[in-house]
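The values are calculated or read from the model by the stated rules, or taken from the named source; none is laboratory data. Please read these numbers as outputs of a predicted model, since none were measured by experiment. Here the Cβ is made from the backbone with ideal geometry for all residues, glycine too, and neighbour counts use every protein chain on show.
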Amino acid sequence: MESANKKSAVGSDSVTGVLKRIIAENGRDHIGGYVFAISCLVVVALTTAFTAWIMKVIIDEAFANRRADMIWIICLSIFLAFVLRGFASYGQAVALSRIGNNIVARYQRRLYAHLMTLSVGFYNEARSAHIAARVSQNVGGIRDVMNMVITSAARDLLTFISLIGVMVFQDPLLSLAVFILAPPLLYGLRYLSKRLRQATKEAIYLSSHVLGAMQETIQGIAIVKAFTMESELQRKLNKLVAAAEARTNRIARLSERNAPMTETFAGFAVASVLAYAAYRSIYHNVPPGAFFSFVTALLLAYDPARRLARLQIQLERAAVNARMVYELLDMEPRQRDLPDAKPLPVTDARIEFRDVSFAYGVDPILSNVSFVAEGGKTTALVGPSGAGKSTVISLIPRFFDPKSGQIFVDGQDIAHVTKQSLREQLAYVSQQPYLFEGTIRENIRYGRPEASDAEVEEAARLAYAHEFILAQPNGYDTPVGENGVTLSGGQRQRLSIARALVRNAPILLLDEATSALDTESEAAVQKALDEAMTGRTVVVIAHRLSTVVRADKIVVMQQGRVVEEGNHETLAKLSDGLYARLNNLQRPAASDSL
Ligand code: ADP
């Protein structure tokens, strides 16, 4: 089903493919609105045609036959036609906007929901993430496609057709002449305007060069003078200016060439048409009303015809945006739960890595990593940067899946449990605390949406955040995130620890911050972390010596392998061990950081 969709939208690159899908997905839900909008557009088209048609009656009855009694009816009907057209235009515009906005809203919701199902791996690829960010702004493309099709098809096409109808009805012979002569004329004009566009582009390019050169000179005037570059620069500029001047002259010639051509043609057309009309009126007694009505219809048909001609290009442009939206929506979530996945019951929260190997791409990042993080104990991962510690942590919530080997929680392979139930057992405190748009209370409550206010505040207290939160302008209801108050690094960290605490999950994954905080914040964050760590299974990427020293177990990693395992005493004694070396290296300089 997914892949079938994919084919229709992406596989077939045609505009019609995208169009079909957009209509299939949106048409039915808005059928009422569209019917209304189209009816309004039909009214617009018909009233426009009516104004052209009524010219005949005006000329013949009012001017030729001098029927005073008709004047009122004619004028009233013209007035009514205009009023009707105004209301119909209003009606269709409002109806289409409402539908359009609703389509945008629906796609935004759909995209957002879909973006969250995509794996962390997807966002790791810079291109994908970039597309994701951009595409959410492109949903408007879908609305534009829909509205363009409706407005153009219904209004312009209907108007055009009904005006042609008026023309043919009023004067079939002249209509035939128009149909034969118009295409070559339009083609000629299009050719000219194409060349004109090209020349304009070149002229803009050249004049921006001239401006750029001047600007450069002004900015670097000291250098110009010091190196006496004046005459050299002047020569260069003269050349540029001359080129720009020649180009603008060419534009003038090209654009004015339109005039002799169209005027000649128009003069010829108007003269011969007038001759024809007058001839018929004089010799065959045909009243001139039909002729004027015909000319009015012809003039009125020009605008819709032009818009219809441009429709293809505009549709293609809008379809590009729409296609990008669909590309993203069709992207399969890469990690699905296995069909027989079960919820994960947790008792001790003992985590075991067994022979786990992993690669983001081709280069192996983890090779046969095995270790146990005992339930209720703290396991510290240490090792040089790039050793694979963060990667180990990211495998536990299944942000990625191992290439081989298994990870167990209480003896259950996490590949066979539902991701939702697995993640419910985890709390995560990242190196860089992330706060979302919303209030402080909401940010803490993301840890567990059903937590009561009292529980949120209790967590904040435990995280040593309660006091500074109360000191904010609106306490717990103070907004944070992009448009909120500015909090210090330490305060943000304590909020993210409170978020982890309120979750009350048996497993805590912790990436200790490396960035330096001031001593006071540091102490508060440390105390908050201690609170968060008690009674849980903690896997921590440790940067502080104190964390490592107190850990129940230390797993030393290097180049994607576990090279040593033990506690501080045992590892420090291994005189040629990596841990002992790291430990000695760090100790004299900063006694509390590893
Ligand atoms: P540590 O946490 O020990 O510093 P990491 O697990 O962050 O180590 O990184 C281990 C290796 O994996 C490094 O070589 C790093 O360049 C690579 N790596 C980390 N994240 C990604 C990623 N998202 N995509 C590709 N390579 C990555």
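Select, from VAL549, VAL540, VAL563, the only residue that is at pLDDT 80 or above and buried (at least 19 other Cβ atoms within 10 Å of the Cβ).
It is VAL540.
Would you say LEU274 is among the aliphatic types (A, V, I, L, M) and under 30 Å from ILE161 (Cα atoms)?
When the stated conditions are applied, LEU274 passes them.
Under 6 Å by Cβ, and 6 or more places apart or on different chains, what pairs join a residue from the range 16-38 that is among the aromatic types (Phe, Trp, Tyr) with one that is surrounded by 18 or more Cβ atoms within 10 Å (Cβ to Cβ)?
From residues that are among the aromatic types (Phe, Trp, Tyr), the pairs are PHE36/ALA95.
Residues in the range 427-440: is at least one in contact with a Pro (Cβ under 6 Å, 6 or more places away or on another chain) and assigned by TED's automatic domain parsing to the domain that holds ALA380?
no
Is it the case that some residue within the range 168-177 is over 30 Å from TYR279 (Cβ atoms), loosely packed, with under 12 Cβ neighbours inside 10 Å and more than 32 Å from the chain's Cα centre (by Cα)?
There is no residue in the range 168-177 that is over 30 Å from TYR279 (Cβ atoms), loosely packed, with under 12 Cβ neighbours inside 10 Å and more than 32 Å from the chain's Cα centre (by Cα).
Applying the selection to the range 15-67, what residues are modelled with pLDDT of 90 or more and hydroxyl-bearing (Ser, Thr, Tyr)?
Within the range 15-67, SER39, THR47, THR48, THR51 meet the criteria.
Just to check your reading of the model, which residue among THR228, THR217 is in the same structural domain as LEU254 (by TED's automatic domain parsing) and either in contact (Cβ under 8 Å) with a residue 60 or more places away in the chain or assigned to a helix (DSSP H, G or I) (or both)?
The match here is THR217.
Can you find even one residue in the range 279-290 that is assigned to a helix (DSSP H, G or I), under 56 Å from the mean Cα position of the chain (by Cα) and in the same structural domain as ILE161 (by TED's automatic domain parsing)?
Yes - at least one qualifying residue is present in the range 279-290.
List the helices (runs of 4 or more DSSP H) inside the range 437-481, counting only whole elements, that have at least 3 residues being over 22 Å from ARG423 (Cβ atoms).
Per the criteria, 453-462, 466-470.
Filter the range 262-281 down to the residues that are among the β-branched types (Val, Ile, Thr) and within 23 Å of ILE59 (Cα to Cα), then identify the one that is surrounded by the fewest Cβ atoms within 10 Å (Cβ to Cβ).
VAL270
Could you list, ordered by first residue, the pairs with Cβ atoms under 6 Å in which the first is in the range 375-387 and closer than 16 Å to GLN425 by Cα and the second is more than 15 Å from the ligand (Cβ to nearest atom) and basic (Lys, Arg), at least 6 apart or interchain?
Taking only residues 6 or more apart or on different chains, the pairs are GLY375/ARG350.
Tally time: how many residues in the range 366-410 are more than 9 Å from the ligand (Cβ to nearest atom) and not in a strand (DSSP E or B)?
13
Please find, within the range 349-364, the residue that is farthest from the ligand (Cβ to nearest atom) out of those that are in a strand (DSSP E or B) and buried (at least 20 other Cβ atoms within 10 Å of the Cβ).
ILE351
Can you pull out the residues in the range 378-398 that are of a type outside the set (Gly, Ala, Ser) and crowded, with 18+ Cβ neighbours inside 10 Å?
Those that are of a type outside the set (Gly, Ala, Ser) and crowded, with 18+ Cβ neighbours inside 10 Å: THR378, THR379, LEU381, VAL382, LYS389, THR391, VAL392, ILE393, LEU395, ILE396, ARG398.
Look through the range 310-336, keep the residues that are of a type in the set (A, V, I, L, M) and more than 16 Å from the chain's Cα centre (by Cα), and return whichever of them is nearest to GLN108 (Cα to Cα).
Checking each candidate, the answer is LEU315.
Regarding the range 460-472, can at least one residue be identified that is in contact (Cβ under 8 Å) with a residue 40 or more places away in the chain and surrounded by fewer than 18 Cβ atoms within 10 Å (Cβ to Cβ)?
No: the range 460-472 contains no residue that is in contact (Cβ under 8 Å) with a residue 40 or more places away in the chain and surrounded by fewer than 18 Cβ atoms within 10 Å (Cβ to Cβ).
Of the conditions (1) assigned to a strand (DSSP E or B); (2) over 26 Å from GLN420 (Cβ atoms), LEU508 satisfies every one except a single condition; which number is it?
The failed condition is (2).
Taking the condition touching an Asp or Glu at 6+ places or on another chain (Cβ under 6 Å) and free of Cβ contacts under 8 Å to residues at least 60 places away in the same chain, does MET70 pass?
The answer is yes for MET70.
Among the residues of the range 526-538, is any out of contact with any Lys or Arg (no Cβ under 9 Å at 6 or more places or on another chain) and within 16 Å of the ligand (Cβ to nearest atom)?
No, there is no match, as no residue in the range 526-538 is out of contact with any Lys or Arg (no Cβ under 9 Å at 6 or more places or on another chain) and within 16 Å of the ligand (Cβ to nearest atom).
When you scan the range 268-275, do you find a residue that is assigned to a helix (DSSP H, G or I), assigned by TED's automatic domain parsing to the domain that holds VAL295 and over 30 Å from ASP171 (Cα atoms), even just one?
So far as the range 268-275 goes, no, none of its residues is assigned to a helix (DSSP H, G or I), assigned by TED's automatic domain parsing to the domain that holds VAL295 and over 30 Å from ASP171 (Cα atoms).
Could you list all residues from the range 420-436 that are modelled with pLDDT under 90 and either assigned to a loop (DSSP other than H, G, I, E, B) or of a type in the set (D, E, K, R) (or both)?
SER430, GLN431, GLN432, PRO433, TYR434, LEU435, PHE436
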